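Notes follow the structure.
Here, each number is a calculation from the coordinates, and none is a lab measurement. Values in this document were obtained by computation on a predicted structure and should not be read as measured data. Neighbour counts run over all protein chains shown; Cβ positions are idealised from the backbone, glycine included.
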Protein chains: 2
Amino acid sequence: MTPAPHVGVIGLGAMGEPMARHLHRAGRLAAVANRTIARARALADELAIAWAADAAELAARCDVVVSCVTADADVLAIAGALRTAARPGLLLIDTSTIASSTAREAARVLAEAGGAFVDAPVSGGVEGARAGRLSVMVGGADADVARATPVLEAFAARITHMGPVGAGQDTKAVNQVLVAGIAEAVCEGLALGKALGLDRDRLLAVLAAGAANSWFLEKRGATMWDGSFSVGFKQSLLLKDLRIVRQLEAAAGTGHSVVDQALEHYGSLVDAGHGDDDISGLIRLKLRP
Amino acid sequence: MTPAPHVGVIGLGAMGEPMARHLHRAGRLAAVANRTIARARALADELAIAWAADAAELAARCDVVVSCVTADADVLAIAGALRTAARPGLLLIDTSTIASSTAREAARVLAEAGGAFVDAPVSGGVEGARAGRLSVMVGGADADVARATPVLEAFAARITHMGPVGAGQDTKAVNQVLVAGIAEAVCEGLALGKALGLDRDRLLAVLAAGAANSWFLEKRGATMWDGSFSVGFKQSLLLKDLRIVRQLEAAAGTGHSVVDQALEHYGSLVDAGHGDDDISGLIRLKLRP
């Protein structure tokens, strides 16, 4: 029996921290790292595991590194650090949402040092991360995905191998078109319902029973109606994702009006200081356009 | 025990015909009428019930008339015919999608002859009508809704009394904002996924497992990917509904970009001759914008 790999997590934000906790419960977590080091130290102390000051130090303690960061540049910086520090065979599983071209570049960097890369962006929101019920979209070589799977199982409800490196990010891009466009639809509809004086609970129940239903209506309908936008997926992060998606649509030559509209709306909301609100905060703009 | 009312159905299209069949199975259907009379005669012969040449003739045979037609003018014409022909106490249950202002006008016309009106637009598509599992959004006075409920139960999974006459149509308008905007989102996303060469079944499964899920993705994702648009909800009918919705948004002063976009897209598809296709045919425009 092969021993379970030592896993390190870098990036302990709203998604990364619960993922690290699930890896700990599964008996796989060896160490954590974070840009704000205090957060890594606090979690390491709580869980009685090691913390590392940076990606290179983390790699020295682990066979597998799981990254959950924000920007494409962060992922490339981690890949560069691992190239220098890593033993051959180190696997980087990146759960961030970045461009598929960046994922392929990170894979090339790792391969130079005999390491491997798998892109594994997730969907299911903060609730999904906390419950360990994320949907993971995986891109990578078969052997690398086979190594990544038992690690991902610690926090996934579903793991889907979509194709070679980058295919996970391509899939996430499609996912974000739906997420952004459904938010536009539900926020515009509920703003109209509110202005018409309809009853919240009866309206939500009747919409959910027919062809208008969606995950977003079920999870965010009541809270957005009440003007509460504290949980969920930050507008600033969706805006970042949509910039990636828009480039992909341009390269593919497919329609882009849904993404253009969402870029405009979330751009103005983030400019107005709402970047930390959940994306259902778009209803502000729909109520007072 | 009060005897079950004699129900007549006028408008035997894709929604009205299965609704009439469910009323027949429930032992309530007395007669049918349709603009193309041959269709009413054929269904009447099959079910061994009466047919009527028009709304006035139908009203003479029934206590309750269920209408399922296309245009606001059709509903006003039926209300006018019933005013002339109807016995006091006749109830018109209109399941069409029309403006809430038209519903209130029809109610005034009926009231002049001692009749009553309930607006009861439905959601759930042709599948919902065939299965007798529609979600019905009802507007009307309490006593009239109480009379309508056992009739609606013949084809409804859920009946929600939203408020006075017109509140059902207001609710349906909100429903159609969501339906149109979700179609934009899902069609744009799947067009991108197709252009990127992703695997259909893996993509649909992974999207459905996370925050991108919706009724429309589950019911229309695979067929639209394969270019099949024969089932479901006709583009020409959504376009008609969206014109009603856009006026309501203008009057309410709420956001309208989702509806504006859908009006433009479905307008050009209907102009290009695709009006009888299901609304998922929007993927044509997204694949070749």
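So here's what we get for this one:
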quantity	calculated
Estimated dipole of segment B:170-287 in Debye, rounded to 20 [Cβ of Lys and Arg +1, of Asp and Glu -1, Cα centre]	100
10 Å Cβ neighbours from other chains, averaged over peptide A:243-254	4
Overall form of segment B:119-195 per C-alpha gyration tensor (a/c, 1.5; a/b vs b/c)	oblate
Nearest-ten-degree value, helix B:167-195 long axis tilted from longest Cα axis of chain B	20
Simple Cβ-charge dipole of the protein assembly as shown, Lys/Arg +1 and Asp/Glu -1, about Cα centre, in debye nearest 20	660
Amide H within-cut-off set for A:LEU92, under 5 Å, with H built and near neighbours excluded	A:VAL65, A:ALA116, A:PHE117, A:VAL118
Spin-label pair A:ALA208/B:HIS6, simplified geometry with 7 Å Cα→Cβ offset, distance in nm	4.2
Chain A, helix-only ellipticity at 222 nm - DSSP H runs n ≥ 4, -39,500 (n - 2.57), divided by all residues, nearest 500	-17500 deg cm²/dmol
Long-range HN-HN contacts of B:ILE10 with modeled amide H, under 5 Å	B:ALA33, B:VAL66, B:SER67, B:CYS68
Cα gyration tensor category, rounded, prolate or oblate, for segment A:1-146 with a/c compared to 1.5	rounded
Globularity ratio of the protein assembly as shown, using Cα Rg and 2.2 N^0.38 Å	1.12
Nearest-20 debye value, chain A charge dipole, Cβ charges on Lys, Arg, Asp, Glu	380
Net lengthening on full extension, A:ALA251/A:ALA26 (0.36 nm per residue, minus Cα-Cα)	76.9 nm
Distance from segment A:154-188 to segment A:22-71 (C-alpha centre basis), Å	26
Euclidean distance between Cα centres, segment B:229-289 to segment A:258-289, Å	23
Residue-by-residue Karplus 3J(HN,Hα) for segment A:103-115, coefficients 6.51, -1.76, 1.60, Hz, glycine and proline x	4, 5, 5, 4, 5, 5, 4, 5, 4, 4, 9, x, x
Relative contact order for chain A, counting Cα pairs under 8 Å that sit 6 or more residues apart, in percent	13
Within segment B:61-82: backbone nitrogen closer than 13 Å to the B:ALA42 label point (7 Å, Cα to C-beta)	none
Per-residue mean of C-beta atoms belonging to partner chains within 10 Å, peptide A:198-204	4
Calculated from backbone phi, Karplus (6.51, -1.76, 1.60) coupling profile of segment A:24-36 in Hz, x at Gly/Pro	5, 4, 7, x, 10, 7, 9, 7, 10, 9, 7, 4, 7
Helix axis angle, A:72-85 relative to chain A longest principal axis, alpha carbon, degrees	10
